[in-house]
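Okay, so here's the structure we're looking at.
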Amino acid sequence: MTMRRCEAGTLELGAGLEVLVSASIATLRDGDLLDVVVDSRSGSLELPAWARRAGHEVVDERRDGAAYVVTLRPRPAGAPMPGPTLDAPTFPTGELRRLAGPEPREADRGAGLVPLGASPEPSLTHYDWALSSRDRIWTNKLASLADRAARSQWDATRDIPWEAAAGLRADAERGVAQVMTYIAQNEYAAYYVPARYLAHVNPEYIEVLMWLASHVHDEARHVEVFTKRALAGGQRAHALAATELSLQTLLDERDFSAAALLLNVLGEGTFLDLLSFVSHHAPDAATATAARLAHQDERRHVQFGIAHIRHRLAHDPDELQRLVAAVEERAAKLVSLDGLSPVVGESLVLLAARSMQPSDIGDAGRAVRDLLGRMNRNRTRRLRAAGFDRSTAQRLSELHTPNLM
């Protein structure tokens, strides 16, 4: 018996993982075992079910540093595929509307806490839901995003290889602590903004409530994991005044769509690039894993923002000027900010530098400069996807806060 290893990286089922595993199995002899190594916890949780349906035996499931390993004993060559089985019934969020009827364009502002499809008795209570117009808060992707969020949960205690956060060079740990503190500080704003709207959404739009609740839960986990990593190495970092100023303007925004543009499309979109940079350059597996898992969540948040703004503009073209004005007004409040904080820039260099040799510091500095350029290009691309023309997208990207969020 031979043990073979299949390094699947970030592949997931439905996006190539099963193809790679099947190809690896085809090279084995009867009796050989295959270790399938994946980066994501969700991939490791889904792979055993796929393997059993294909007739393979799941021998072991375990962690290996930051990765997850599923050990398979493939079914013998020539053995028949297992017969069809009935999957456990599922009830995706999108089914709610099929059963209860389509969402109304305008919901009753005074309606009570009535589940979809229920017949309310006459009531003495009266509500006044501020967000009772579908197109002010909607996107047709809401149900699928809420389902994906529920399937993709991870744990800030168990799913990070915290033992890897020890033993870094003092300068590298200083850079990591400051970058983690900076990210956590920004994630507080991403925590509070969606939480604000939960109490204002009409219960008729349950999908919006489910989405906002998942967003808040994601951000609670982000604040936890980045705070833990900031403290894990024994260093103490700074909560920056420039970041506070920038985030206050984000918290001041009261319009749902403008907040989605500023937070989800511009802020969290820019943080996708930052988290990718941290994951790629991190000097330890704990930092890299925290950034990679947060990136998965933020990608959903950005997808919501793009889809919602596109929906909003399609149903109310006049909204474009109001959204542009929201970006301009925020930029006008932040004219005192001149570029990314030097504290953050220097800390990113320390995080990315392989050593304190001049050549390695130079490489890390160039990587940070490349990151800032990539952020601008990708902001423009996301704004275009949200429905803005090229020149408007470029201008809004350039107006985005130097604080990044």
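Results, tabulated for the structure shown:
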| read-out | value |
| --- | --- |
| So Y197, is it in a helix (DSSP H, G or I), of a type in the set (F, W, Y) and open to solvent by 30 Å² or more (accessible area, probe 1.4 Å) | no |
| Residue identified as basic (K, R) and either in contact (Cβ under 8 Å) with a residue 40 or more places away in the chain or in a loop (DSSP other than H, G, I, E, B) (or both) among R384, R300 | R300 |
| Filter result for A184 (in contact with a Phe, Trp or Tyr (Cβ under 6 Å, 6 or more places away or on another chain), touching a residue at least 24 places away in the same chain (Cβ under 8 Å) and within 29 Å of E328 (Cα to Cα)) | yes |
| Residue among D35, D39 that is in contact with a helix residue (DSSP H, G or I) (Cβ under 9 Å, 6 or more places away or on another chain) and crowded, with 17+ Cβ neighbours inside 10 Å | D39 |
| Some residue of the stretch 367-378 being in contact with a Leu (Cβ under 6 Å, 6 or more places away or on another chain) and either modelled with pLDDT of 95 or more or among the hydroxyl-bearing types (S, T, Y) (or both) | yes |
| Some residue of the stretch 193-213 being within 16 Å of the chain's Cα centre (by Cα) and hydroxyl-bearing (S, T, Y) | no |
| Residue in the stretch 205-227 that is open to solvent by 60 Å² or more (accessible area, probe 1.4 Å), more than 24 Å from L251 (Cβ to Cβ) and either touching a residue at least 60 places away in the same chain (Cβ under 8 Å) or outside any loop (DSSP other than H, G, I, E, B) (or both) present | no |
| One residue from L263, L337 being modelled with pLDDT under 95, hydrophobic (A, V, I, L, M, F, W, C) and either out of contact with any Asp or Glu (no Cβ under 7 Å at 6 or more places or on another chain) or within 30 Å of A170 (Cα to Cα) (or both) | L337 |
| In the stretch 264-281, the residues that are closer than 15 Å to L399 by Cβ and not polar (S, T, N, Q) | V265, L266, G267, G269 |
| Restricting the stretch 156-169 to residues that are in a loop (DSSP other than H, G, I, E, B) and in contact with a helix residue (DSSP H, G or I) (Cβ under 8 Å, 6 or more places away or on another chain), the residue that is surrounded by the most Cβ atoms within 10 Å (Cβ to Cβ) | I160 |
| Residue in the stretch 321-336 that is buried (at least 22 other Cβ atoms within 10 Å of the Cβ), within 30 Å of D155 (Cα to Cα) and in contact (Cβ under 8 Å) with a residue 40 or more places away in the chain present | no |
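The values are calculated or read from the model by the stated rules, or taken from the named source; none is laboratory data. In this text the structure is predicted, and so the values were computed from the model without any measurement. Every residue, glycine as well, gets a Cβ built from its backbone with ideal geometry; the counts of neighbours run over all protein chains shown. Side chains included, ligands, DNA and RNA excluded: accessible areas come from the protein's heavy atoms. Shrake-Rupley method; radii C 1.70, N 1.55, O 1.52, S 1.80 Å.
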